[in-house]
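Colleague: The following block contains the structure, expressed as structure tokens.
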Ligand SMILES: Nc1ncnc2c1ncn2[C@@H]1O[C@H](COP(=O)(O)OP(=O)(O)OP(=O)(O)O)[C@@H](O)[C@H]1O
Ligand SMILES: [Mg+2]
């Protein structure tokens with residue numbers, strides 16, 4: 001029985017105890033009633049006579065089961081008095097269920113469980129020696145079980161603490177970035193505007209085609225920088241939750257997002273296919289949903305540096321309108337699939353803020369919609385975005 005104290009897994013301890021008692025002492029049936037972490041709940045571990053290999057069965061006892069009642073009623077106990085009352089209460093049950101010995105498991109005046117033993121297989125009764133041995137075993141087992149329960153509780157508390165801590169760090173990270181971004185954006189806006197202004201001026205003044213091309217590039221980069229900073233700032237302020245919903249045609253919204261990306265699509269040698277099977281209007285914040293589609297389509301383009309195809313489909317599904325966006329790009333590895341919607345998660349890009357999909361998710365959820373993704377690494381990815389169809393909108 002020493003090995004009981006070497007393990008801290010509760011189920012393992014109980015299974016070992018129940019199995020060994022039934023084997024070594026040759027007892028027909030062994031069961032343990034144990035209080036679980038949830039209050040008012042008891043779990044029974046029992047050897048099954050029907051099953052081979054000493055398999056243990058688990059169940060929740062009936063609410064009128066006297067062992068269950070004793071366990072639930074007793075908290076702090078005075079051992080001697082408790083024992084007398086206990087045996088008075090369960091005496092009938094012992095005969096009914098062919099239990100030869102019932103041993104309460106007590107640790108520091110707390111009743112944590114009950115060990116019930118059936119008949120001995122080869123002898124009529126337990127000898128005085130047997131009883132002494134069983135009592136010793138049950139005392140040791142009680143301590144091992146109690147330790148395992150405490151460990152489980154500690155482990156749970158630790159996990160909760162860790163989660164809270166992670167959430168706090170995330171929130172702190174966001175608000176720090178938000179504060180930084182708002183001061184940066186004010187400081188950076190002016191120089192960026194002057195970079196754009198002077199670059200335009202150089203472009204107008206010069207006849208040199210190469211210089212004109214360079215100034216265009218400067219303007220594009222400066223605008224991109226401005227856009228990225230604005231995006232972080234909006235995100236930190238939680239802007240995607242403020243909706244201005246009106247009745248809109250979904251197709252128009254898709255067309256607008258596609259138009260914004262027209263040059264980018266052409267520049268990257270990407271063919272676009274639209275399959276429209278949803279022709280009704282939806283109640284949406286147009287600007288924000290354009291942003292959703294823009295971000296998802298832009299990711300799709302970025303996943304196909306050597307060109308490819310994007311298919312956008314719209315179709316009804318129960319009470320939802322679904323937009324699916326499929327690309328033939330590099331796909332998303334299963335390991336990062338559940339991270340892509342997290343703020344600041346970016347993978348395989350040089351200049352991403354990692355906010356694109358977390359903004360998308362926030363906007364979709366603010367509309368009570370859903371977003372999911374299916375991906376086949378090396379073959380492509382499909383994002384499914386659904387918005388509820390709200391009837392009776394005038
Ligand atoms: N269609 C896609 N195919 C392959 N990977 C994708 C696709 N869409 C998203 N991802 C992956 O998810 C990550 C997170 O996307 P998200 O849009 O949030 O950030 P980002 O594109 O890296 O940065 P940003 O959108 O701010 O420019 C991407 O970096 C990319 O690795
Ligand atoms: Mg993106």
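The values are calculated or read from the model by the stated rules, or taken from the named source; none is laboratory data. Note that the structure is a prediction, hence the values are computed from the model and not measured. As a convention, Cβ positions derive from the backbone with ideal geometry for all residues, glycine included, and neighbour counts pool all protein chains shown.
Colleague: Which one of the conditions (1) assigned to a loop (DSSP other than H, G, I, E, B); (2) within 7 Å of ligand 1 (Cβ to nearest atom); (3) buried (at least 17 other Cβ atoms within 10 Å of the Cβ); (4) in contact (Cβ under 8 Å) with a residue 40 or more places away in the chain does residue 358 fail to meet, given that it meets all the rest?
Modeller: Result: residue 358 passes all but (1).
Colleague: With the structure loaded, tell me whether residue 163 is assigned by TED's automatic domain parsing to the domain that holds residue 284, closer than 25 Å to residue 360 by Cβ and free of Cβ contacts under 8 Å to residues at least 40 places away in the same chain or whether it fails that test.
Modeller: Working: assigned by TED's automatic domain parsing to the domain that holds residue 284: no; closer than 25 Å to residue 360 by Cβ: yes; free of Cβ contacts under 8 Å to residues at least 40 places away in the same chain: yes.
Here the answer is no, as residue 163 does not meet what is asked.
Colleague: Considering (1) free of Cβ contacts under 8 Å to residues at least 24 places away in the same chain; (2) loosely packed, with under 14 Cβ neighbours inside 10 Å; (3) within 16 Å of ligand 2 (Cβ to nearest atom), say which one residue 335 fails and leave the rest.
Modeller: (3)
Colleague: Related question: In segment 292-324, which residue that is within 16 Å of ligand 2 (Cβ to nearest atom) and over 18 Å from residue 349 (Cβ atoms) is surrounded by the fewest Cβ atoms within 10 Å (Cβ to Cβ)? Break it down stepwise before answering.
Modeller: Start the filter on segment 292-324 by keeping residues that are within 16 Å of ligand 2 (Cβ to nearest atom), which leaves 292-305, 310.
Subset that is over 18 Å from residue 349 (Cβ atoms): 292-293.
Values: 292: 29, 293: 24.
Within segment 292-324, the match that is surrounded by the fewest Cβ atoms within 10 Å (Cβ to Cβ) is 293.
Table: residues versus (1) surrounded by 11 or more Cβ atoms within 10 Å (Cβ to Cβ); (2) in contact with a helix residue (DSSP H, G or I) (Cβ under 7 Å, 6 or more places away or on another chain); (3) part of a strand (DSSP E or B); (4) modelled with pLDDT of 85 or more.
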| site | (1), (2), (3), (4) |
| --- | --- |
| 93 | yes, yes, no, yes |
| 102 | yes, yes, yes, yes |
| 105 | yes, yes, yes, yes |
| 113 | yes, yes, yes, yes |
| 124 | no, no, no, no |
| 131 | yes, no, no, yes |
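Colleague: Out of the residues in segment 257-267 meeting the condition of being in a helix (DSSP H, G or I) and in contact with a helix residue (DSSP H, G or I) (Cβ under 8 Å, 6 or more places away or on another chain), tell me which one is modelled with the lowest pLDDT.
Modeller: Our first condition is that a residue be in a helix (DSSP H, G or I); within segment 257-267, this holds for 257-260, 262-267.
This time we only want the ones that are in contact with a helix residue (DSSP H, G or I) (Cβ under 8 Å, 6 or more places away or on another chain), so: 257-258, 260, 264-265.
Working: 257: 93, 258: 94, 260: 88, 264: 91, 265: 95.
Per the criteria, the residue is 260.
Colleague: What number of residues within segment 348-389 satisfy the criterion of being more than 16 Å from ligand 2 (Cβ to nearest atom), in contact with a helix residue (DSSP H, G or I) (Cβ under 8 Å, 6 or more places away or on another chain) and over 20 Å from residue 290 (Cβ atoms)?
Modeller: 1
Colleague: A further question on this structure: Applying the selection to segment 361-389, what residues are in contact (Cβ under 8 Å) with a residue 40 or more places away in the chain, more than 23 Å from residue 251 (Cβ to Cβ) and either more than 8 Å from ligand 1 (Cβ to nearest atom) or not in a strand (DSSP E or B) (or both)?
Modeller: 362, 376, 377, 378, 379
Colleague: Additional query: Which count do you get for residues in segment 235-252 that are more than 12 Å from residue 276 (Cβ to Cβ) and modelled with pLDDT of 90 or more?
Modeller: Going residue by residue through segment 235-252, those that are more than 12 Å from residue 276 (Cβ to Cβ) are 235-248.
Cutting the leftovers down to modelled with pLDDT of 90 or more gives us 245-248.
Number of matching residues: 4.
Colleague: Restricting to strands (runs of 3 or more DSSP E) lying wholly in segment 268-337: which have 2 or more residues that are at pLDDT 95 or above and near ligand 1 (Cβ under 10 Å from one of its atoms)? Outline the logic, then answer.
Modeller: Working: elements: 270-276, 281-284, 308-317, 320-327.
By residue number, 320-327.
Colleague: I would also like to ask the following. Being at pLDDT below 85 and assigned to a loop (DSSP other than H, G, I, E, B) is the requirement here; does residue 40 meet it?
Modeller: Values: at pLDDT below 85: yes; assigned to a loop (DSSP other than H, G, I, E, B): yes.
Judged against the criteria, residue 40 is a match.
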